[in-house]
């Protein structure tokens with residue numbers, strides 16, 4: 001099994017940069033030895049996803065219109081974490097902002113999830129949040145959110161049947177389902 005890097009970078013040019021991402025155009029030699037190009041999106045934040053589950057086995061999904069896909073999406077609470085910030089601190093902030101929830105019990109569902117490793121270096125950390133209390137939502141100005149309370153079983157079914165398509169949400173829900181089966 002070959003686990004070494006067979007790609008060679010010949011040149012690297014930043015073609016776009018904003019506060020969240022940098023897009024690189026790279027001239028490369030691919031693993032077969034041919035010349036090629038590669039577009040790479042480098043994120044300036046890591047992603048965090050939070051699966052909140054209350055004592056009655058209910059979770060809270062966040063609905064919003066997603067501009068890149070031009071579609072409405074139901075997701076777990078999620079957001080960006082500055083690279084030098086503790087992901088748990090960002091997760092607590094995002095859960096409160098998007099759902100109004102605070103949690104007393106936190107555990108990691110996945111520490112390193114690559115969200116789309118063919119085009120980006122973005123990494124996500126996924127958390128399970130329990131011991132919930134309800135407060136007030138405080139979404140960012142770019143977020144027009146709805147919060148929906150559903151059973152964790154229904155949310156897992158939504159991930160399995162394609163009603164939830166967001167990768168971070170699907171990964172968190174299915175990881176939780178697998179962990180629950182092992183108990």
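The values are calculated or read from the model by the stated rules, or taken from the named source; none is laboratory data. Bear in mind the structure is a predicted one, so any value in this text is a computation, not a measurement. In this analysis, Cβ positions are derived from the backbone assuming ideal geometry, glycine residues included, and neighbour counts consider all displayed protein chains.
Numbers below:
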{"read-out": "Residue in the range 33-51 that is more than 19 Å from residue 150 (Cβ to Cβ) and out of contact with any strand residue (DSSP E or B) (no Cβ under 7 Å at 6 or more places or on another chain) present", "value": "yes"}
{"read-out": "Criterion: exposed (fewer than 15 other Cβ atoms within 10 Å of the Cβ) and in a helix (DSSP H, G or I) - qualifying residue of 179, 168", "value": "179"}
{"read-out": "For residue 54: the one exception among (1) over 18 Å from residue 121 (Cα atoms); (2) surrounded by 12 or more Cβ atoms within 10 Å (Cβ to Cβ); (3) not assigned by TED's automatic domain parsing to the domain that holds residue 120", "value": "(3)"}
{"read-out": "Single unsatisfied condition, residue 3 versus (1) in contact with a strand residue (DSSP E or B) (Cβ under 8 Å, 6 or more places away or on another chain); (2) surrounded by fewer than 16 Cβ atoms within 10 Å (Cβ to Cβ)", "value": "(1)"}
{"read-out": "Exclusive hit being modelled with pLDDT under 95, farther than 13 Å from residue 47 by Cα and crowded, with 16+ Cβ neighbours inside 10 Å, set 140, 98", "value": "98"}
{"read-out": "Flag for residue 36 being in contact with a helix residue (DSSP H, G or I) (Cβ under 6 Å, 6 or more places away or on another chain) and over 17 Å from residue 167 (Cβ atoms)", "value": "no"}
{"read-out": "Flag for residue 16 being loosely packed, with under 12 Cβ neighbours inside 10 Å and either closer than 30 Å to residue 81 by Cα or not assigned by TED's automatic domain parsing to the domain that holds residue 80 (or both)", "value": "yes"}
